Amino acid sequence: MKNNEILLTGGSGLLGTEIKNNAFDIIAPHHTEFDITNYEQMNSFINEHKNINTIIHGAAFISPPLIEKDPVKALEVNIVGTANIVKLCVQNNLHLIYISTDYVYKGDKGKYSEDDELLPQNKYAWSKLGGETAVKLYDDSLIIRTSFCESVFPYDKAFVDQFTSRDSVTVIAPMILKIAKNESLNGIINVGTERKTIKGLAIKLGKKDVGDLKRDDVGFSVPYDTSFDLKKLKKLK
């Protein structure tokens with residue numbers, strides 16, 4: 001019988017929870033039984049679950065302001081942990097899908113294609129690009145650059161001077177899951193929706209009374225425009 005199960009890391013996070021809601025047959029072990037910083041534990045888990053043929057690697061330390069204060073945790077989780085996942089996939093012949101971020105792009109012009117220049121603007125993005133570097137060493141892999149948020153915008157203010165292709169996790173998760181089931185797709189792909197400001201996104205998600213926020217109002221670097229060129233994604237539909 002052909003192996004046909006997907007293992008998901010980061011299953012308790014925002015994206016992971018939504019992916020599980022859309023695919024009940026996904027294996028999403030708790031980090032206590034599948035710790036990405038513990039290679040031997042992960043390898044034992046894979047050896048006990050022979051039907052797994054794909055890993056969606058969504059586990060990450062994702063808070064830009066916290067990473068500015070604690071870059072070591074980002075190094076251990078986002079870079080070393082991802083390198084462990086790559087090694088696991090190489091040694092067990094698994095297809096790998098890595099969830100990356102729009103923040104790896106330079107952020108000065110927007111409408112980025114997958115081949116455009118990369119220049120992360122904060123330590124979070126550098127740590128995710130470090131993960132991408134490990135993933136690119138493995139041919140049977142796909143890097144998904146994306147951005148998502150809660151289905152109800154969670155903040156009272158939103159950036160009026162930051163542009164994005166971000167959308168609700170309820171929109172992004174099914175797109176990622178559909179891509180994940182295409183085992184022949186490798187390389188890099190942008191996954192998102194139309195270009196908009198963060199405030200525009202908040203309004204789209206029903207937050208009509210959201211206030212204005214400027215990038216200079218926060219204590220970490222926020223790129224101006226990381227919106228996507230989505231030609232490659234649209235060809236898959």
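The values are calculated or read from the model by the stated rules, or taken from the named source; none is laboratory data. From a predicted model like this one, the values you see are computed outputs, not experimental measurements. As a convention, Cβ positions derive from the backbone with ideal geometry for all residues, glycine included, and neighbour counts pool all protein chains shown.
A few points about this structure:
- One residue stands out in region 135-155 among those that are surrounded by fewer than 21 Cβ atoms within 10 Å (Cβ to Cβ) and farther than 18 Å from Lys196 by Cα: the one that is nearest to the chain's Cα centre (by Cα), namely Lys136.
- Looking only at residues of region 82-102 that are among the β-branched types (Val, Ile, Thr) and not in a helix (DSSP H, G or I), we find that the one that is surrounded by the most Cβ atoms within 10 Å (Cβ to Cβ) is Ile99.
- One residue stands out among those in region 204-225 that are under 14 Å from Gln121 (Cα atoms) and touching a helix residue (DSSP H, G or I) at 6+ places or on another chain (Cβ under 6 Å): the one that is modelled with the highest pLDDT, which is Val222.
- Only one of Leu66, Leu75 that is at pLDDT below 95, farther than 23 Å from Glu183 by Cβ, in a helix (DSSP H, G or I) and aliphatic (A, V, I, L, M): Leu66
- Restricting attention to region 137-196, the residues being aromatic (Phe, Trp, Tyr) and modelled with pLDDT of 95 or more number 4.
- Residue satisfying all of: in region 190-205; without any contact (Cβ under 8 Å) to a residue 60 or more places away in the chain and of a type in the set (S, T, N, Q); nearest to Thr170 (Cα to Cα) among these: Thr193
- Hits in region 18-45 - residues which are part of a loop (DSSP other than H, G, I, E, B) and acidic (Asp, Glu): Asp25, Glu33, Asp35
- Members of region 156-184 that are β-branched (Val, Ile, Thr) and either loosely packed, with under 14 Cβ neighbours inside 10 Å or free of Cβ contacts under 8 Å to residues at least 24 places away in the same chain (or both): Val171
- Any hit, region 66-75, residues being farther than 30 Å from Gly219 by Cβ, in contact (Cβ under 8 Å) with a residue 24 or more places away in the chain and of a type outside the set (Asp, Glu): no
- Among the residues of region 1-27, those identified as among the small types (Gly, Ala, Ser) and in contact with a Ser or Thr (Cβ under 8 Å, 6 or more places away or on another chain) are Gly11, Gly16.
- Residue in region 198-217 that is surrounded by 15 or more Cβ atoms within 10 Å (Cβ to Cβ), among the hydrophobic types (A, V, I, L, M, F, W, C) and within 30 Å of Asn84 (Cβ to Cβ) present: no
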